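Read through the structure below, which is laid out as structure tokens, and then see the notes.
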Amino acid sequence: MAGGEKIRKLTLYPEFVEAVNLQKAIWGFDEVDLLPVRLFVTASKIGGHSFGAYDGNRMVGFCIAIPGIKPGAKSYLHSHMLGVMKEYRDAGLGRRMKLAQREDAIRQGLDLIEWTFDPLEIKNAYFNIERLGAIVRRFVLNQYGTTSSPLNAGLPTDRCTAEWWLESDRVEALLAGGVMKRPEIAGRISITNDIYTIKANDFARARDIQKRVADQFREYFAKNLAVTGFERSAENGTYLLSPWESK
């Protein structure tokens, strides 16, 4: 697609219904795994938000964030879900929706948005880390249990937590077209580019890879390292880990 889709904040009940229906089209969720309309309504009333991306009158992507509180009463946004129809991917639409989230969060006086992602989804990892400037310091085993989405291929829902420090030097430099500062690399976690085929066709091998990746993340994070970069080659996607003292 040419990138002419319009992004706007969702505020009306029919728009929330569209976002629920889009979840079915994008991920193939069963009813039990869908975010319901009332969550979109509630998010819009309590400091969260949802955005829709439209090609004409058709919603082709959406995202939703809810407010969160960390120890010390620090407020932030948790970006719980973002999805784009298959034929509209890889053209910058997801990034444009994330930037809309960033703008709205800054307007509210917030400096942090977080979200979780599957560490085996290396295309998503590259987007989060290299295209947005997020870092990763936390890993959770099987966060959501087994879901109905074919994308999970029946695997446990292990998740990394992306931290997007909205006005950090790292993010500001990236969004201005500059280069992010690269700390010294102290660890690497590589995943074969064939992981998508493996997940679809060889559960046992995919599970072995998932277990190995989980062990590596927990080992490195126990040493106070953070994911600060992501490399791609013809064979692998590789998480780059470095010491991390602050945002």
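What is the residue count in the range 67-105 for residues that are among the hydrophobic types (A, V, I, L, M, F, W, C) and either part of a helix (DSSP H, G or I) or free of Cβ contacts under 8 Å to residues at least 24 places away in the same chain (or both)?
The total comes to 7.
Can you find a residue that is outside any helix (DSSP H, G or I) and surrounded by 13 or more Cβ atoms within 10 Å (Cβ to Cβ) anywhere in the range 37-48?
Scanning the range 37-48 turns up at least one residue that is outside any helix (DSSP H, G or I) and surrounded by 13 or more Cβ atoms within 10 Å (Cβ to Cβ).
Residue pairs, Cβ under 6 Å, 6 or more apart or interchain, first in the range 205-231 and touching a residue at least 40 places away in the same chain (Cβ under 8 Å), second in a helix (DSSP H, G or I). List them.
Ala206/Ile198; Ala206/Lys199; Phe230/Ala125; Phe230/Tyr126; Phe230/Ile129; Phe230/Glu130
Which one of these is closer than 17 Å to Leu132 by Cα and modelled with pLDDT of 95 or more: Asp104, Asp90?
Answer to the selection: Asp104.
Taking the condition crowded, with 17+ Cβ neighbours inside 10 Å, outside the structural domain of Gly229 (by TED's automatic domain parsing) and part of a strand (DSSP E or B), does Ile64 pass?
So Ile64 passes the test.
Out of (1) in the same structural domain as Glu15 (by TED's automatic domain parsing); (2) touching a Cys at 6+ places or on another chain (Cβ under 8 Å), what's the single condition that is false for Leu77?
The single condition Leu77 does not satisfy is (2).
Is at least one residue of the range 134-150 within 15 Å of the chain's Cα centre (by Cα), closer than 19 Å to Tyr239 by Cβ, surrounded by 14 or more Cβ atoms within 10 Å (Cβ to Cβ) and modelled with pLDDT under 95?
yes
The values are calculated or read from the model by the stated rules, or taken from the named source; none is laboratory data. Note that the structure is predicted; figures quoted are calculated from it, not measured. Note that each Cβ is placed from the backbone with ideal geometry, even for glycine, and that neighbours are counted across all protein chains shown.
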